[in-house]
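Colleague: Would you mind keeping the following structure in view while I ask a few things?
The values are calculated or read from the model by the stated rules, or taken from the named source; none is laboratory data. These figures come from a predicted structure and were not determined experimentally. Cβ atoms come from the backbone with ideal geometry, glycine included; neighbour counts cover every protein chain shown.
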Amino acid sequence: KNQVEQSPQSLIILEGKNCTLQCNYTVSPFSNLRWYKQDTGRGPVSLTIMTFSENTKSNGRYTATLDADTKQSSLHITASQLSDSASYICVVSRESSASKIIFGSGTRLSIRP
Amino acid sequence: DGGITQSPKYLFRKEGQNVTLSCEQNLNHDAMYWYRQDPGQGLRLIYYSQIVNDFQKGDIAEGYSVSREKKESFPLTVTSAQKNPTAFYLCASSTSQGNEQFFGPGTRLTVL
């Protein structure tokens, strides 16, 4: 069964600290993996996208890693800010096809001052 | 929200009524999608369209209907047949390759 599992379900950290969110998937055949940020009551916004041959990609303070062998990805946030409070969603595509996209349930991150 | 608009932002419906959610994009994308988001769950695909005048059912199409008469527009109708319609609805669009989707701001539908 094609699944995307994220952990932890929720996380609270202090402003300025780093954190790492995890994504494990069983999707096959793999096409690409994306991380989205979703603010409460808003649509998701893309942070990074990685294909099979890429094992790391950065977007400012966000760094995503991908291990295609173990089917694991992580999103590392450095020097967290209050505006990082959001849900982070891992999305895996089976093929380069619009209908073959599987969403994780997300990690709810709260940054406390 | 990248050139995709959804309206209204909030929508209230009485049981037994049909309602239509609007989605418009100016990104010249061929593909458009509708998702439903419930608390603690991943997004679930309702319908998608890869070209004008054509659309396909997603994983949870029952109780919903769509049309794609124009490239820019992909309205979703929530019919009275949908037994649990209260949810957050997200529209997205992408190129025909579908590598990256751009999402609208969402519509929160509440059934009274």
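Colleague: Which of the residues that make up the stretch A:39-53 are under 10 Å from A:L66 (Cα atoms) and more than 10 Å from chain B (Cβ to nearest Cβ)?
Modeller: A:M50, A:F52, A:S53
Colleague: Starting from residues that are more than 11 Å from chain A (Cβ to nearest Cβ) and of a type in the set (V, I, T), keep the ones in the stretch B:34-53 and report whichever is farthest from B:F88 (Cα to Cα).
Modeller: Selected residue: B:V52.
Colleague: Would you please name the residue that is nearest to B:S73 (Cα to Cα), looking only at residues in the stretch B:1-33 that are among the aromatic types (F, W, Y) and within 14 Å of chain A (Cβ to nearest Cβ)?
Modeller: At the first step, the residues of the stretch B:1-33 found to be among the aromatic types (F, W, Y) are B:10, B:12, B:33.
Within this subset, residues satisfying the condition of being within 14 Å of chain A (Cβ to nearest Cβ) are B:10, B:33.
Working: B:Y10: 19, B:Y33: 11 Å.
Among those that are among the aromatic types (F, W, Y) and within 14 Å of chain A (Cβ to nearest Cβ), it is B:Y33.
Colleague: Among what's in the stretch A:20-38 and is away from chain B (no Cβ under 12 Å) and under 17 Å from A:T56 (Cβ atoms), pick the residue that is surrounded by the fewest Cβ atoms within 10 Å (Cβ to Cβ).
Modeller: Here is the first cut: in the stretch A:20-38, the ones away from chain B (no Cβ under 12 Å) are A:20-22, A:24, A:26-30.
Subsequent filtering for residues that are under 17 Å from A:T56 (Cβ atoms) retains A:20-22, A:30.
Values: A:T20: 11, A:L21: 22, A:Q22: 15, A:F30: 17.
Here the answer is A:T20.
Colleague: Let me ask another. Output the number of the condition that B:Y35 fails; it satisfies all remaining conditions of (1) modelled with pLDDT of 95 or more; (2) more than 21 Å from A:V92 (Cβ to Cβ).
Modeller: Unmet condition: (2).
Colleague: Let me ask another. Would you tally the residues in the stretch B:1-49 being polar (S, T, N, Q) and surrounded by fewer than 19 Cβ atoms within 10 Å (Cβ to Cβ)?
Modeller: As a first pass, look at the stretch B:1-49 and keep what is polar (S, T, N, Q): B:5-7, B:17-18, B:20, B:22, B:25-26, B:28, B:37, B:41, B:49.
Subset that is surrounded by fewer than 19 Cβ atoms within 10 Å (Cβ to Cβ): B:5, B:7, B:17-18, B:20, B:22, B:26, B:28, B:41.
Within the stretch B:1-49, residues that are polar (S, T, N, Q) and surrounded by fewer than 19 Cβ atoms within 10 Å (Cβ to Cβ) number 9.
Colleague: Restricting attention to the stretch A:98-112, does a residue exist that is closer than 19 Å to B:F102 by Cα, more than 10 Å from chain B (Cβ to nearest Cβ) and in contact with a Leu (Cβ under 6 Å, 6 or more places away or on another chain)?
Modeller: First pass over the stretch A:98-112, keeping only residues closer than 19 Å to B:F102 by Cα: A:98-106.
Adding the requirement that they be more than 10 Å from chain B (Cβ to nearest Cβ) leaves none.
So far as the stretch A:98-112 goes, no, none of its residues is closer than 19 Å to B:F102 by Cα, more than 10 Å from chain B (Cβ to nearest Cβ) and in contact with a Leu (Cβ under 6 Å, 6 or more places away or on another chain).
Colleague: Let me ask another. Suppose we filter the stretch A:10-38 for residues that are part of a loop (DSSP other than H, G, I, E, B) and at pLDDT 95 or above; how many remain?
Modeller: Qualifying residue count, the stretch A:10-38: 4.
Colleague: Shifting gears a bit: Can we say A:A64 is over 30 Å from B:I51 (Cα atoms), surrounded by fewer than 17 Cβ atoms within 10 Å (Cβ to Cβ) and touching a Lys or Arg at 6+ places or on another chain (Cβ under 8 Å)?
Modeller: Here the answer is no, as A:A64 does not meet what is asked.
Colleague: Quick check on my filter: what residues within the stretch A:55-97 are part of a loop (DSSP other than H, G, I, E, B) and within 13 Å of chain B (Cβ to nearest Cβ)?
Modeller: If we filter the stretch A:55-97 for residues that are part of a loop (DSSP other than H, G, I, E, B), which is where we start, we get A:55, A:60-61, A:68-71, A:78-81, A:85, A:94-97.
Within the stretch A:55-97, A:R94, A:E95, A:S96, A:S97 meet the criteria.
Colleague: Considering only the stretch B:39-81, how many residues are closer than 28 Å to A:Q9 by Cβ and touching an Asp or Glu at 6+ places or on another chain (Cβ under 7 Å)?
Modeller: Residues in the stretch B:39-81 being closer than 28 Å to A:Q9 by Cβ and touching an Asp or Glu at 6+ places or on another chain (Cβ under 7 Å): 2 in total.
Colleague: Return the residues of the stretch B:84-112 that are assigned to a loop (DSSP other than H, G, I, E, B) and facing chain A (nearest Cβ under 8 Å); say none if nothing qualifies.
Modeller: Once the filter is applied, which keeps residues that are assigned to a loop (DSSP other than H, G, I, E, B) and facing chain A (nearest Cβ under 8 Å), the stretch B:84-112 yields B:S96, B:Q97, B:G98, B:N99, B:E100, B:Q101, B:G104, B:P105, B:G106.
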